[in-house]
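Taken together, the values in this text are just the output of simple stated rules run on the coordinates, not laboratory data. Quantities reported herein were computed from a predicted structural model and do not represent experimental measurements. Heads up, the Cβs are rebuilt from the backbone with ideal geometry, glycines too, and the neighbour counts pull from every protein chain shown.
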Amino acid sequence: MSLDSLQRSLASACLDAKLSDDVVRDLGGARSGWALYREMVRHRYVDTIGESLPRSREALGPDGLVRAVARWLDRAPPTTRYVRELCIQFARYLGDDPACLTADAPPWALDLVRYEAAVMETVIAEDPPPRSDLVALSMELPVALSTTQRFLRLRWSVHLPAAMTERACAIAVYRGPNDAVEVLELTPVAGDLVEALRSPGRTLGAAIRDAIERHGVEVDDRFNESLAGLLGDLVERGLILGGLGPH
């Protein structure tokens, strides 16, 4: 058996919904031995996810986490080779298949998984190389955003564990000056603006106009001052890198 074939058979033994006779035959040895190996590997996945998402592990409980991870492995096993990315792929799957969660899971569990995974993404994101296409912010140009930040819309304020409530909110998860992960909760208008700026080619002016129209905001001196403060804050925090100059 070639190395590639061996790797595929081992992956099938651990990640397929069931341990098949064909895989056992390909690998050789007793079925009971491969069943034990499969169980050990799957438990390691559960442990790794739990270590990466500690609050989610507590919210779901041991049985709930085991069930959710097992369903993920059965239906959409991970494609990454990096252990640190497992919780990110797990969170994405849960977003598509919330039925993974048990009926007694708290209503904020999915938001909590997504939030903790976003924190992990921010932690492990590589610093981008220096850019030569940055210019001053302009209403006629798109905005260059930091690639280490993550934008989330939540139904529960899971980023505030001591004051968690059911309320729609938009947050940006990003690395601060000392590489510490920080969270910025955005107002409804600011959330729509930041989300629109993430669309490739969307100009700053177009994103602002859409947010104004959606919320029926009156454009006056107070709004202009608030907008300038928001953009300045996003630049200072490193979420906005500058304007994106024409190629």
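Overview of results
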quantity: Surrounding net charge for Ala206, when Lys and Arg each add one and Asp and Glu each subtract one, Cβ distance under 14 Å; calculated: -1
quantity: Most mobile listed residue (Gly64, Gly29, Gly95) in the chain, GNM with C-alpha springs under 10 Å; calculated: Gly29
quantity: Relative contact order for the stretch 3-124, counting Cα pairs under 8 Å that sit 6 or more residues apart, in percent; calculated: 26 percent
quantity: On Cα atoms only, tilt of 109-124 relative to the major axis of the chain in degrees; calculated: 80 degrees
quantity: Spin-label pair Val219/Val123, simplified geometry with 7 Å Cα→Cβ offset, distance in nm; calculated: 4.3 nm
quantity: Relative contact order of the chain, pairs being alpha-carbon contacts under 8 Å that are 6 or more residues apart, as %; calculated: 16 percent
quantity: On Cα atoms only, tilt of 221-236 relative to the major axis of the chain in degrees; calculated: 40 degrees
quantity: Net dipole in debye of the chain [+1 Lys, Arg Cβ; -1 Asp, Glu Cβ; about Cα centre; nearest 20]; calculated: 820 debye
quantity: Selection from Ser9, Ile124, Ala91 lying farthest towards where the dipole of the stretch 3-124 points positive, charges on Cβ; calculated: Ser9
quantity: Dipole magnitude of the stretch 3-124 about its Cα centre (Cβ charges: Lys, Arg +1; Asp, Glu -1), debye to nearest 20; calculated: 180 debye
quantity: For the stretch 37-92, size of Cβ-based charge dipole, Lys and Arg +1, Asp and Glu -1, in debye; calculated: 180 debye
quantity: Highest average packing first - 158-170, 112-124, Cβ atoms within 10 Å; calculated: 112-124, 158-170
quantity: Distance from the stretch 48-105 to the stretch 140-156 (C-alpha centre basis), Å; calculated: 24 Å
quantity: Folded to 0 to 90 degrees: helix 188-197 orientation relative to the chain principal axis, Cα; calculated: 70 degrees
quantity: Total formal charge among the other residues, if their Cβ is under 13 angstrom from that of Arg31, Lys/Arg +1 and Asp/Glu -1; calculated: -1
quantity: Charge dipole (the chain, unit charges on Cβ, about Cα centre) - positive-most of Leu53, Ser146, Ala163; calculated: Leu53
